[in-house]
Structures are given as structure tokens and as C-alpha cells.
Amino acid sequence: MVAPQTPQAVGGGHRISFPRLRAASWIAAACVLLLAGVIGSLLGARAVTRSDTDKQRLAFHLAATEITSTLKLAIQHEEDLVVNASAFIADNPSASAERFDRWLETVHAMARYPELENVGLVGLVPAAKVAAFARHVEAHPVEGIHARQSERGSGNFTILPQGPRPFYCFALAGRSRNPADYLPAGLDYCAFASPLIQARDSGLASYAPFKVGAATTLGVQTPVYRGGLVPATVAARRRTFIGWLGELLEPNVLLTRALQGHPDTVVTFRYDSGRSHIVFRSGHESAGDETATIDLHNGWTVRSAAPRPSTAVLQDPRGLTLLLGGGFMSVLLALLVLVLGTGRRRARALVRQKTRELSHQALHDALTGLPNRALVLDRAERMLARTAREAGVVAGALFVDVDGFKHVNDNLGHAAGDRLLQVVGERLERAVRGGDTVGRLGGDEFVVLVETHAGEETADRLADRLIESLREPIELGPGRAPFAITASIGVAIGQYATPDALLRDADLALYAAKNSGKDRYSLFDASMTDDVEGRATLEADLAAAVEENQLYLLYQPIFDLRDERIVGVEALVRWRHPVRGVLAPDSFIPLAEESGLIVPIGRWVLDEACRQAAAWAAAGQEIGVSVNVAADQLSRDGFAEDVRRALRSSGLPPSSLMLELTETALMRDVDAASRHLQEIRALGVRVAIDDFGTGYASLSQLQRMPVDILKVDRAFVAALDDGGHSGDLLEAILGVGRSLSLKVVAEGIEAAEQLATLRDMGCEMAQGFYLGRPAPAEVVDGLLGLRSERPALAWAVG
């Protein structure tokens, strides 16, 4: 009997084990996979590090540009004060030093400009009049300028620097922040700031270093001429020259402001002109720092420096994370291959584990771990089924929305926003009962599903408890101050057929809580559905209003107060609703802006106003027409083409059309608004800023805006009846208009006293109910026909 051969005896006695061979193959494959993964992770980490280094360098250059812009804007901010003061001096050339000092106190110059050390008016004194000027100074010393000599006990007027010159530049009025900063009355500013005479002849403002002794400051000056305008010729400038308005600034304050938000950056503000080399520096630059130099022209440069970013993988957080994470994943994948190849039982267990993980991920929010929308809807459906079977049990849903969450994301970053959402989810889970469901629907919206039995806590009391738990400050990260939040909650409770209906009503209640001021809850009632449906109905009606000729225009006259004649009209839209009657703009314009219908409505208003103005011009009455433009209209790429088409189809001269935009709308994005307005101005159309005084536009921004007219907000005119500083504010606005060569229209004139006050202030144009109410075109026809028989104001007032 022959014994059977075993696998170990085959092949001449060599011992071969197939299971061991297969295991060795799987081990080799796992090692290859591990090696490939580590190499790939290293290469990826190096690429990420290079990318991060490039981003850091780009961020530095952007920061350098921002620092330079901030420094330049700070100087322009100072120029605003100089321009304002120039307008005051130009309008009051004979004002005393005391009156100029009171004006500085009125505008709170020292409080609003912390970098300001000195501000004043410098005049040109010929050598022959120096003795008379000295006697005047000794007899009438000006507080804040000449007090320094008297404090030293010297009554002698001494010229600094000494030496005969054909003329001298002495301070006539002004103020210093500290007594230690007072400059001698005999200080010749032209000897320390030679560009002053050149500025008088050129009419241009400038800023340059100002060095007296060992102290160096930054000087800003502008020449001032009688009448407030710069004459066209050098001879006229010399003849109407009043003096220089100047400021001395503390450079370190400007540099500190420019470096806010850039703690590791060093900035050097340098001036090189001829033999003058002045440097203002904040911080100390180290060897090897990344640097960027920006030329501001006129001899000024700004140099920024910051530590150079490292190119080492181990010093880059993202590169190190990718390297470690990639290596770790490579190990996991190698182990997975090894496990799958060497043990089916372990492979099946791993598959079951991954399946459970994927199932959990499919039904839960990845950030908070709470049930997501799919699982919330499933649990809501089960809850409604249970409450339908059990008597005395009702289902409820609480929609929770974090107030101001967008502010956290935009200002503190997405990491802080994610942390905030995690804490909110944890607090909601702690505040509810064990059987209730807390889920996240997306963004900052959470939902709580509750079943309420008779005698248990009601849903509104639960809402109160949730709001209270969320008010406690939240730690959003190391080094950050605790951040306080609030939440709004919409509550819907009752017998519902579907989860969608329950959540819809809770959402409507949340909308009501938001509109009521936030940080509160609101219970759903049927009227909320009516409000939403009414708004939807009104929006549908508004969409048909243009097609069905339900819109019409009224025209309010604008008067020239000097000769009491109409110089233009403002077109005002009204809606003759077939059911609700005539609706004012406040009733439908906000809805039109939200829904996008403002574009076709604005296009119709523009066409109709141009057509009517062209009809008046054809009848021999050439008056301008003003049309209000919304911010969304201006920002459209095709708006300029709409204006061009309206002018071409009506035949109206472009100079007869004026577009009015609110100051607030223009200040949203000054650069973008300036570009769009330049495109419109190129057509020959005029531009006005409506509601001026409410949008906080600075003089430097106004100078950039291509506008022709300022329309003063009616609130300033109405405030004349209350006394106080309203008159000073109006005079300041009129002064701004004169200094920028812009016409000013006062709106909202409702009383004769207001009209008289505005005339005394020098206001040239006005409109309002007292002068003429908005009226149809045929009424304006009659008014224009009466102009030759009696003054327009007599008709409007009578």
C-alpha cells in the first residue's frame, strides 16, 4: 500500500506552505502601499508648504498696501479739517483769532483728530510791516500761539530764525494741543517750510516734514483765497491770497493707527527732497525681513517689513498636518490591506463597522453630531403618528436661529463660527428632555421636536429656557474674549398631518420673532400665513403694475430762491392699485428692491420722466427733471445703456436730466459707485446726492465722487424749528458745497420761517410742500404758464 504524498513532500523534499506564501504577498503589497503613501504625503506636504509660503508673502504685500492706504487716508482725513477750516476763513476773511478758536472748539478738532498737535492760520507779513505786527501781537496775544513768550517772561517780539528777509510768515490764529507745543509768535514758517510760497502761487495743498530745532513733525497745508475758490492765474492768486491753513501732526500716532491689525510689521515713513531727508519709523527692522516699498510721490515713500515666512515643512502647520495625516492614513490603508488579505473574519467586522459609520454620517450633522434634516423629518413623522394615536398628546417644533451668526463668521472667521455652532448644539441638548430631538437643519438653524402631555412643561416655557441657556457667553477659542449671543425661536404646536407643515409653521413663527427684535420666541398663529400670502400677492400685483399702466408720476417743483423761478422738477412715482387705491413709494419700493422689480420700475420711471421733460422743452419751457435711482439700479452693468436709450428715444438733452442717489447707497462701496457715476457722467447727465448728511461721507470721498448737486436731507431743515446746532450744521453743509463748487438744494421746506433762514444762510435752491406739492404734469403745465405773469413763489405760497 502506497502512502499518499503531502504538499510538503512535493518537489524533491522542499517545504512549501501556500498560506504563508499568500500572507507574504499581502505583507509585501501593504509595504509598497505604505511606502507610496509616505512618499506622496511628503511631496504633497512640500507643495502645501510652498503654497502657504507664497500666500504669506502675498498677504504681506497686501498688508503693506493696506498700511500705506491707511496712512494716506489718515493724511487725507487731516486734509478734510484743513479744507473745512479753509472754507471758514474764505467765508470770514476778517474773522478774529478768537472767533477762529471758537470754530475749532465747535468742530471738536482736538478730540476728533488725536494726532493733531497744532492747527492755525499763517499769514504773509512784508518786512516793512513787521514792527506793526509785533506791536499788535504784544497788545493782543492769541491764546495757544503767543502765550509761550509771555510764560517765559519776555515781552520782546523775536524773529526766528533771525536775519533780514523781504517778507515773513507768522501765525495769526490757531490752537495747540499742549502748552509745551506752543511756538514763538515770531517764528517765520516760510524759513522752515519753503514750499509755502510755491503753494500760494500754485493753489495746491501739500504735506511735508516740519522741523524746528530737534523736533520734527508732519505738516499739512493749503492756501486760502478770498471767495473760497482758487483763481485761474498766479497774479489773481497773489492778489486774493489770505494765508495758509496748516496743521502739525504727530507722526507716531499716524503710524500706530496704520499698524493696527498688523502686530509683526515695521513701517518706515520717509521723505527725500533735495537736501531734506526725514524718517519716521515704528518698530525695528531685522536682517532678512520681507520688505515692500511703495512710492507716494512728492518725495514720500512707505517701507513695510515683516519676518520672512519659513519654507520648512515641519514649521508649516498645514504641511506638517498633511505629512502626519498622510502618513497615518498610509499606515491605516496598509493595515486595511493586510487585514483584508489575511483574515476574512476581521475584514467582515471592519466592513460592518464602516457601514455603521457611513449610516451614522448619512443621518447626522458632521459638525455637531446632531440629527440632520433627513433624520429630523423621519423622527417628526414618527412623532406625528404617535400623537395621532394617543389622546391628550400634541406634537411641537421649535425653530432656533442664532442672531448675528453671519457677523461671527465674517469678523471672527469660520473656525469661530463652527465652534459657536457646536456649543449651541451642546446647550440645546442639555436644555431639553431625554426623549426630545435636537437637530441641525443647516447653517445656524436648529430644530427641537417635542411631545407635550397634559400637565407637562409647555413649549413656550421650553423656548424661554432655551433662550436663557444660549445667552451665557461662549469661549470661541484661546486668547479670545467670551462672546455673548442671542437666539430667536419660532414655536409651532398642535395636530399636524405632515412634518413639512409642522416645520413650515415653526419657520413662519421664527420669521415673526426676527421681525419683532430678535432674542425672543414667537408662537405661530394663522395671521402669519396671511402676512406671507399678502406679501406674495402684493409682489405679484407689482410685477403686473408696469405692464398694465398702473404706475404714474407726480412732479414737485425745485425753485431758485434768488429770482423765485422754477429751475427743475423731481419725478415721484405712485402706484394706482386696482383694489388698494393709490400707494405711496414707501408701500412698495422696499418690496421692489428685495424682489428685483426695481429694475423694470426704475426703467419705466426714467423713460416717462424724460418723455415729459422733452414735451415741456418742445413747448418752450426748458426745465430740468430729477429721477431717483436705487443702489441696485446703479450697480447693474446695463444701467448706463438704459439712461442713453431714454435720452435718445425722448430727444431730451442730457444736461436736462439729473439722477439722484442717496448718500447711504453711495457709501456702501465708494470705489464701485464712483466708477458707475463716471460712466453716467460721460453721457452728459448731472448727478445729485440725495438725503445728504445722513450717510457720513467725508470730504475726501466727496471729492472723488463725480457729482454736481447736494440735496440736504429734510431732517436738517425740520430741525431748524428746534433751535440747537441745526443752524450750524446747515451752514457747514452749505460751506462744504461752496468749497467743492457744488450746488445745494434744501428739501422739505414746510414753513416761511425755514425759507427765510435758508435765504439768510445763502442757500440758492429749495423744494418742499410750502413751495409746491407733488402734482400731475398738467398742473405743472399751468404753473409754467403763469411764470411770466407773477413770481412762482407767490403762486406756490398762496
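The values are calculated or read from the model by the stated rules, or taken from the named source; none is laboratory data. In this text, all values refer to a predicted model and were calculated from it rather than measured experimentally. Note that we place each Cβ from the backbone using ideal geometry, even for glycine, and neighbour counts take in every protein chain shown. Note: accessible area is taken over every heavy atom of the protein model, side chains too, but ligands, DNA and RNA are not part of it. Shrake-Rupley method; radii C 1.70, N 1.55, O 1.52, S 1.80 Å.
Among the residues making up the range 726-768, those that are open to solvent by 20 Å² or more (accessible area, probe 1.4 Å) and without any contact (Cβ under 8 Å) to a residue 24 or more places away in the chain are Ala756, Asp760. Taken over the range 329-355, the residue count meeting the criterion of being modelled with pLDDT under 75, closer than 30 Å to Ala374 by Cβ and either open to solvent by 50 Å² or more (accessible area, probe 1.4 Å) or of a type in the set (Phe, Trp, Tyr) (or both) is 6.
How many of the residues making up the range 539-561 are assigned to a loop (DSSP other than H, G, I, E, B), in contact (Cβ under 8 Å) with a residue 40 or more places away in the chain and in contact with a strand residue (DSSP E or B) (Cβ under 9 Å, 6 or more places away or on another chain)? The total comes to 1. Take the residues in the range 393-414 that are more than 28 Å from Ala512 (Cβ to Cβ) and out of contact with any Phe, Trp or Tyr (no Cβ under 8 Å at 6 or more places or on another chain), then tell me which one is least open to solvent (accessible area, probe 1.4 Å). Here the residue is Gly413. Do we have any residue at all in the range 562-569 that's under 30 Å from Ala630 (Cα atoms), of a type in the set (Lys, Arg) and touching a Lys or Arg at 6+ places or on another chain (Cβ under 9 Å)? Yes, that holds for at least one residue. Among the residues of the range 244-262, is there at least one that is exposed (fewer than 15 other Cβ atoms within 10 Å of the Cβ) and assigned to a strand (DSSP E or B)? No: zero hits.
Just wondering, is there one or more residues in the range 413-436 that are in a strand (DSSP E or B), touching a Ser or Thr at 6+ places or on another chain (Cβ under 6 Å) and charged (D, E, K, R)? Working first, answer last.
Pass one, the range 413-436, residues in a strand (DSSP E or B): none.
Taking every residue of the range 413-436 in turn, none turns out to be in a strand (DSSP E or B), touching a Ser or Thr at 6+ places or on another chain (Cβ under 6 Å) and charged (D, E, K, R).
Residues in the range 119-137 that are in contact (Cβ under 8 Å) with a residue 24 or more places away in the chain and exposed (fewer than 13 other Cβ atoms within 10 Å of the Cβ): 2 in all.
Surrounded by fewer than 21 Cβ atoms within 10 Å (Cβ to Cβ) and out of contact with any helix residue (DSSP H, G or I) (no Cβ under 9 Å at 6 or more places or on another chain): which single residue out of Gly477, Gly517 fits that description? One residue alone meets the criteria, Gly517.
Which of the following residues is touching a residue at least 40 places away in the same chain (Cβ under 8 Å) and either in a helix (DSSP H, G or I) or open to solvent by less than 60 Å² (accessible area, probe 1.4 Å) (or both): Arg504, Arg535? So that I can check it myself, show each step before the final result.
On the way: Arg504 fails: touching a residue at least 40 places away in the same chain (Cβ under 8 Å).
Of Arg504, Arg535, the one residue that is touching a residue at least 40 places away in the same chain (Cβ under 8 Å) and either in a helix (DSSP H, G or I) or open to solvent by less than 60 Å² (accessible area, probe 1.4 Å) (or both) is Arg535.
Scanning the range 43-62 for residues that are open to solvent by 40 Å² or more (accessible area, probe 1.4 Å) and in contact with a strand residue (DSSP E or B) (Cβ under 7 Å, 6 or more places away or on another chain) yields Arg57, His61. Every test in (1) out of contact with any helix residue (DSSP H, G or I) (no Cβ under 7 Å at 6 or more places or on another chain); (2) more than 14 Å from Arg686 (Cβ to Cβ); (3) not polar (S, T, N, Q) is passed by Glu660 save one, and that test is (2). Looking only at residues that are of a type in the set (Phe, Trp, Tyr) and over 14 Å from Glu747 (Cα atoms) in the range 556-589, which one is farthest from the chain's Cα centre (by Cα)? Looking at the filtered set, the residue picked out is Trp575.
Of all residues in the range 182-234, which are in contact with an Asp or Glu (Cβ under 7 Å, 6 or more places away or on another chain), buried (at least 17 other Cβ atoms within 10 Å of the Cβ) and of a type in the set (Val, Ile, Thr)? Listed by number, the residues that qualify are Thr217, Val220.
What residue, among those in the range 297-324 that are part of a strand (DSSP E or B) and under 13 Å from Thr265 (Cβ atoms), is most open to solvent (accessible area, probe 1.4 Å)? Checked the range 297-324; the qualifying residue most open to solvent (accessible area, probe 1.4 Å) is Arg303. Restricting to the range 480-501, and then to whatever is within 13 Å of Asp401 (Cα to Cα) and not aliphatic (A, V, I, L, M), can you tell me which residue is most open to solvent (accessible area, probe 1.4 Å)? Among those that are within 13 Å of Asp401 (Cα to Cα) and not aliphatic (A, V, I, L, M), it is Thr486. Applying the set (1) under 30 Å from Leu538 (Cβ atoms); (2) buried (at least 21 other Cβ atoms within 10 Å of the Cβ) to Gly568 leaves exactly one unmet item: (1).
Residues that are open to solvent by less than 80 Å² (accessible area, probe 1.4 Å) and modelled with pLDDT under 75 do occur in the range 69-76, at least one of them.
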